[in-house]
Structure formats: C-alpha cells, structure tokens
Amino acid sequence: MLRSFSRANTKPEFLLQSKPRASGGAITISLFSSAVAQNQASLTPITSTLLQKCNSLAQAKLIHQQLLVQGLYQDFTTRLVSAYLTHNAPSHSISILERLTPSTSVVFCWNTIIRRSLRLGFSHDVLSLFRRMLRLHCPPDHYTFPFVLKACGELPSFRSGAAVHAVVSTTGFDSNVFVCNALVAMYARCGELDDARQMFEEMHYKGICDIVSWNSIVAAYTQSRDAKNAVELFRIMMNDSEIHPDIVSLVNVLPACGSLGASLHGMQLHAFALRRGLFEDVFVGNALMDMYAKCRMIEQANKVFESTEVKDVVSWNAMVTGYSQAGRFEEALGLFQKMREEKIELDVVTWSAVIAGYAQKGHGYEALGVFRQMQLCGSKPNVVTLVSVLSGCASIAALLQGKETHCYAIKCVLNYDWNDPGEDLMVINGLIDMYAKCKSTNVARLMFDSVAPSDRNVVTWTVMIGGYAQHGEANDALKLFSEMLQEGNSMKPNTFTICCALMACAHLAALRFGKQIHAYILRNRYESVMLFMENCLIDMYSKSGDIHAARVVFDNMQHRNSVSWTSLLTGYGMHGYGEEAIKVLDDMRAAGFVPDGITFLVLLYVCSHSGMVDQGIRFFESMHTEYSVTPELDHYACMVDLLGRAGRFGQALELVHSMPMEPTAIVWIALLSGCRIHGNVELGEYAAAQLQELGSENDGSYTLLSNIYANARRWRDVARVRSLMKYSGVKKRPGCSWVQGKKGTATFYVGDRSHPQFEQIYKLLADLIQRIKAIGFVPETNCALHDVDDEEKGDLLFEHSEKLALAYSILVSTPGVPIHITKNLRVCSDCHNAFTYISMIIDNEIILRDSSRFHHFKSGSCSCRGYW
C-alpha cells in the first residue's frame, strides 16, 4: 500500500494539471450563495430551475436544506413535493404536506400523491392517504373522490366504498357528475349492482347524467352478465335526445347482445355505427366481430373482419375464438397459422382459443402441444388457458399431464392473496373435473371438500356429481346431489347438474329417485332448457324399467331433436319392443328427421334383441345404399351379435372377414356370446383365441368361454380357463342384484345372508321354488359351472343374487305393484326360467334389468321371447 502511494506522481502530466469538477451539491450551494449575495429577486427563478432540473433525490434534499437555511421554505413547498415524487420519495412529500395549512395547492399535492399510488396499483395506500388527508382536515375535492372510489372498486371493498360515499354526501359533492359517475363504477366493481343502479337513478332524477354515466351503468350490467338489463338500458339511452352514444357505448353493449344471442339488436347497432362513422374504430370493429361470433353468425363476423382496414391482435383473436366456438375449428386453426406466418404477436387470448378448440374436439394431446409452444414463446397462461388445458387432459384421461398442470397452477396461479377468488375457483373446478374424468375420483373429492361450502358454485357441485355419475359411482353421485338440495344450501342445480343426477339414476335403475328429480324439474320451471332434460328423462325412465313413462315424456315434448327420437328407440330396444321401435322410426322419418349412424346403431341393437334378424340385415344394407351412411366398427359388431344370436354363424364369420377394418375385441365378444347361446364350442374357441391375440383382459370373455365348456360338460377346460384367468390376474366380477325401496337400496350377492331379513327371504324363496316345481319348473343345472352332482347344483342355483332380490321384493311389495330388480351381469337361464314360472303364481309384474337388456315377466311369459 505504501509503495502504491509513493508512486502517485507517475501519473501523466495532463491528469496532474486538470482541475477537479464541482459536484452537483457544490453548484447548488454556489448558486444559492451568489443569489443571496446579489438580491432576493433572483433567488425565485434560480430555485424553480434547480427543482425542475434536479436529477437525484440527494439534490432535492440539498435544495430543501438550502430553502430552510435561507428561510424560503414556505414559498416552494408544492414544488418540493413534486420534486420528491419525481424521485420516488412519497414519504418526504407526505412529511411536507402534513405540516402545511390546507389550501387549494395542498389539496392538489395530495391528489397527485393519491393518483400516483393508484397508478402503481397500491389501492390500500390510496385509502390510507385519503384517511390521513381527512385527519389533517384537508378537504378533498372533485378530483380526489374519483381516485379514491376507483381504488375501492379495484380492491374491491364495498365497505370502504360506502364509507367514501358517506364523505361525498357530507361534503356536498353528491351532485357532482364526475364523483357520481365514479360511485356508479365503484358499486358495479364491488358487485353491488342494485346500489349502482340506485346511484344512477338518483343522478337521472337530478338531471346530471352524461354519456359517461350511461356508459358506466351499461358496462356494469354487461360485466355482471346481466345482458338483458344492459341492452334495455342502452335502448333507453338511445331514446334520450340529449345523450349521444359514442364508441365506448357500443363497445359496452355489443358483448351483451352477443351473450343474449340478440343478433337483431347487434345488426341495428352495426347500422348505427356505420351511420355515425364509428365503424372505423378498431374497438368497435372488434366488438362487432365478437358479437356476431357469439350469435353464431360467423360469416357476418368474417365480413366485418375483412372490411376492417386496421386489424390488431384483438381482431384476429375475435375471429379465431369465433370459429372455434362455432365448431369450425379448422378455419380457426388456419387463422392461427396465418397470424404466425404474418408475424402477428400472439397473446394469451390467441393461445387459449386454440387450446380450448382442441380440448373441445377431444384432441387432448394437440392441446397440450400448443400449451408447450405457448410456454416456449414466453406467453404467460391465464386462468382460461389452464382450464382449457385441464379439459384437454380430461378428454384423453392424461392423468400425469393433468398433475403437471395442477403443479403449475399451485406455483403460478392459486393461493395468492391478490387473486380473484372467482378465478381460483374456476381452476379448482377444472381440476376436480380432470381428476374425476381420469378416474381419480378420490382426489377429485378431496379437492371438492377443500372448497368451503359457502365458496362452492354450481359448477363445483356439477363437476363432482358428473364425475361420479360418468365413472360408475352413481350412488355417490345421488348422495352428493341430495346434499346439494338440503335445507340451508341455497345453491340451485342447473341443467347439467340435473342431467348428471338423471344419468346416475339411469345407471342404478333408481326409478323412485328419478321420479323425484322429475318432480323437482316441474316445480322449479326449467322451461328454457327443457329439451336437454326431457331427453335425459326419456333415457332415465327407459333404463329404470318404465318405458311407458318414457313415452309419456316424449309425447308431451313441445320440441324434439334427433336425440329425443334415438333415446326412445333405444328404450324400446332395451325392453324388446321391436315392432314399437320400427313404428317410432317411421314417425321419425315423417317428422323430417333423417336416420344417421347412431340411429342405425340403435336399430340394429333393437333387431338383435327382438329376434328381427331379416329386418336387421335390411337396415344394415340400406345404410350405405339409401342413406349414404358408412358402417363403422360398432355397426359390424351389432350385426355379428344379431347373426350370432340367431345361430347364423356362417354369415357372421363371413361378415367378420369382410370388414374393411380390423375386428376388435367387441366383435369377437359378440361372436363368442352367440356361441354360448347355441353351444358352438369350436367357433367359441376360435373367437376366444382371437381375443387372446388382441390382449383382451375382459373378464366377460373368459366367463363366456367357461360357460361354453360347462354346457358341454368339459370340466377340465373349465378349470383351465379359470387357471388362465388367475395367471393373467383377471378377476371375475361377482354377481350382484339390488332393489330400490322406500327405505333405500337392498343389495344381494350369491349366497348372501347379510340382510336382516335373510331367514324370511330364504324361507319364502324355498316355498316359491317348491310351488313352481309343482307346475313344471326344472332347474337348469348346466348353469352351475361346477363339476358336482345335479342336487348340489340345484342348491347353488337356489342362492343366485337375483332370486334373493326377488324373494325380498315379494316380502316388502304390495300385490299388483311392479317389482324392479337390477343385476350387474347377464341373468342366467335358470333364473330367467324360474322368474317366468314365478310370474304365474304372484300378482306382480317382474321387471328385471341385467347388463344387456330388460326382461318383463308377466303371467308366465317374458318380453324378450328368448332373444337375450
């Protein structure tokens, strides 16, 4: 160190000769000193110049110091406040203001500080500054209140806004149009639409409304999704001769027209914009495109797009979103690609629209691919993006990617204090839906339970109920639906909630619960969306065993679509009423509906379960020749089932070999089922071998083959099939039958003795079997798939679940009332035969639903007529 100092004189000569530059502080002091030495008159312009040109907080403090030293502080307070604010030192500005006597200039300074905090997003600071201002008895003016009220709306804080309103009233600004407009906007942002409307009505009564007032209240209704009132208010505004709608007015009301689907109003506004020369504005053009797209007038939206000279990213987004929502995703994708080619900056709306389009079409992998591109481009996803990604994951059951999206949501969206709770709930609802559709209903339920009951909305309930209903947990779906309707819960189910509950009823054949839901629909008047629910009611009644009630619903429908006709056709097919189904088809054609692929699939199913083989063949042949419908895999499977049930194995096998696509497991299972009915061991083994090659692990196919061997008394082969099932890890589903009663559901398994009334059940069943044996019933011992003697086989058949369910139903039912039984598997031929005989000795009709169809047993006959 000493050596380095000793060599200081080795610097170049020009450095040694240069004079040191004066610092900013030295210049400031010098200027002040010279000004004071000359006269006070020159000090004011010098000080003003210094305050304007000071480029650091330190210089501002130095000037402040010199003004105090020279006793000139009072003349430059407002300029000092501005200087401190310029250098981001609001605390210094506030410190000065707190020592000043209130005046117009002081109020101006307070307004400047408040406006700065508002611009920076510090809404809580705005309220704190306002309170401090009031404590210092500094009277706010008509500029102060709009800033403070805007902060209340951005928080949002209704309580603070109402308190500021009280100050407005006491200070005499309640007739100031600027302040009153700010009050309307504040109440709207706080979600208090009634208060916003009352404030507006008071302004209107006082005659102080201007165009901003009208725009504010219309915007309030539009943003609150009360489109009807928004459009009505705009119509009233148009009739006011003193008010002339502007660009903002149109941009506010056009989204409301789109939400209502009010294309006529929208077209009138379009004409108005053209007459007033407002159409050239890019915001108006974008709003018109969005409105036409929401009204399903995509061609008109495209005309606006093409005629707009100046297009921004919002214009492109309106069209991409419009095409996507109209189901014309290829065109939406084309616009998206064009935007990329023309180097138009893609924002979050663009990406979200494309991701949502892929998700809605069930193309989950493509949606995930676009999401990855979005992240690589640096665009930050918003709530809508995440919900669309989760929907895409749900559509392909991509649980892993769904979990990854969940992690992203936790890190970047959820659990932040400044988040909008409504947006958080949207993401949570999307997560519940994703987990439920990926068959992780336990995780979905945990997420559902994590949302406080008071915070749940109708979507939260619906996605959870729907998740249960769609994935075989129908009991949980109905239990949750009941909780939703409990007293104290003000949440009203929407159309989708009710349809999910009806789906659960249909799955369980829960006719009693389904009727209660039907009554709820009628009581609560869902007329505007009745078509969708009526279709679900037809399906529920059909699958719950009451095809006549399904027909009554159908006959009383004011409007029908193709789903209505197809649902009734399916119902008649399930119940074996083939002739009635054909008549419905004729009525459908007469009503102007053309059969499509789904209709023909139902017709083939009807023919298969009604023994109408030749009619089914004619339908299959007419698909392509008369209706230009190309048969798909499911149609071929239905035809194989139809021919197999009829024992026409040569035709069935020929059809399989002539298929234009590779036969899948469903085709071979249909053929195997026919082999079981007719005992065709050789072809059954061939079909089973094909299933094994395909890697099918369906327990039903193993059971069918085992049944074929058992009927042929090939017990070693039965044992081999069972051994193969065990080796492959395939478990046979246990047979289960249940009965819906007044006191709940009674469920029975084979040999079940868990029911409190099991002794009475077994005693009654034994009596029934003895009585029907006396009139000719002989147990079909080949249905007992065990190598034991016939007497022991009879005992095994005696304990089948459907027989136990029937005995219980007879015990608890009133004579003459139909008995409804549901079984999860196909009913065995011995039970079917026993039910036929039992229907001869009891007064009740027996309606049995198995995994394939319905059987109506009455007076010794069954509706299936042997085709089951």
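The values are calculated or read from the model by the stated rules, or taken from the named source; none is laboratory data. Nothing here was measured: the structure is a model prediction, and the numbers come from that model. FYI the Cβ positions are ideal-geometry reconstructions off the backbone, even for glycines, and counts take in every protein chain you see. In case anyone asks, the SASA skips ligands and DNA or RNA and just uses the protein heavy atoms, side chains included. Shrake-Rupley method; radii C 1.70, N 1.55, O 1.52, S 1.80 Å.
Observations on the model:
- Amide H contacts under 5 Å for Gly741, placed H, 5+ residues apart: Ala746
- Hypothetical label at Glu685: residues of the range 698-716 whose amide nitrogen lies under 16 Å (7 Å Cα-Cβ projection): 705-716
- Here the range 444-490 is treated as an ellipsoid with the same Cα gyration tensor; its semi-axes, largest first and in whole Å, are 17, 13, 8.
- Over the chain: helical MRE at 222 nm, DSSP H runs n ≥ 4 each giving -39500 (n - 2.57), nearest 500: -21000 deg cm²/dmol
- If R0 is 35 Å, the Cβ-Cβ spacing of Lys439 and Glu799 corresponds to a FRET efficiency of close to 0.60.
- Distance between the range 529-545 and the range 110-179 - C-alpha centres, whole angstrom: 56 Å
- Compared with the direct C-alpha span, the chain from Asp312 to Glu342 gains 9.6 nm at full extension, assuming 0.36 nm per residue.
- Cross-link reach is defined here as a Cα-Cα straight distance under 22 Å, omitting same-chain residues fewer than 8 places apart; for Lys228 the lysines meeting it are Lys294, Lys492.
- If R0 equals 51 Å, the separation of the Cβ atoms of Cys377 and Asn457 corresponds to a calculated FRET efficiency of about 0.95.
- Pairwise Lys count, the range 736-862 - Cα closer than 29 Å, eight or more residues apart or different chains: 23
- Nearest 10 degrees, 0 to 90: helix 177-189 Cα axis against the chain principal axis: 30 degrees
- Signed unit charges on C-beta, dipole axis of the chain, positive-most listed residue Val354, Cys393, Val126: Val126
- Exposed loop sites, defined as trypsin sites (Lys or Arg not before Pro) outside DSSP H, G, I, E and B with at most 11 other Cβ atoms within 10 Å, are absent from the longest region of the chain, namely 526-712.
- Relative contact order (%) - criterion: Cα under 8 Å, at least six apart; region: the chain: 4 percent
- Residues Asp226 and Ser728, FRET efficiency given R0 of 51 Å [Cβ-Cβ distance, rounded to 0.05]: 0.30
- Globularity index of the chain is 1.36 (Cα radius of gyration / 2.2 N^0.38 Å, N = number of residues).
- Size descriptor for the range 736-862, Kirkwood hydrodynamic radius: 14.6 Å (Cα pairs only, one decimal).
- Within the accessible surface of the range 736-862, defined with a 1.4 Å probe on protein heavy atoms only, the carbon and sulfur portion equals 50 percent.
- A 1.4 Å probe over all protein chains sorts Glu802, Glu404 by accessible area into Glu404, Glu802, starting with the largest.
- Heavy-atom accessible area order for Cys407, Cys536, largest first, 1.4 Å probe: Cys407, Cys536
- Counting only alpha carbon atoms, the long axis of helix 364-376 and the longest principal axis of the chain meet at about 20°.
- Dipole magnitude of the range 736-862, debye to nearest 20 (Cβ charges: Lys/Arg +1, Asp/Glu -1, about Cα centre): 700 debye
- For the chain, the longest principal axis of the C-alpha atoms and the axis of helix 613-627 are separated by about 40°.
- Under 5 Å, built H, 5+ apart or other chain: amide partners of Cys736: Asn824, Leu825
- Of the chymotrypsin sites (Phe, Trp or Tyr not before Pro) found in the range 343-424, those in coil by DSSP whose Cβ has at most 11 other Cβ atoms within 10 Å are Tyr416, Trp418.
- Counting only residues at least eight positions apart within a chain, or on another chain, the lysines with an alpha carbon under 21 Å from that of Lys403 are Lys380, Lys411, Lys437, Lys439.
- Per residue, the range 736-862 exposes an accessible area of 46 Å² to a 1.4 Å probe, with every protein chain left in place.
- Rounded to the nearest 20 debye, dipole of the chain from Cβ charges on Lys, Arg, Asp, Glu: 2740 debye
- Contour minus Cα-Cα distance for Lys763 and Glu483 (0.36 nm per residue): 97.0 nm
- With all pairs of separate Cα atoms included, the range 621-774 yields a Kirkwood hydrodynamic radius of 18.5 Å.
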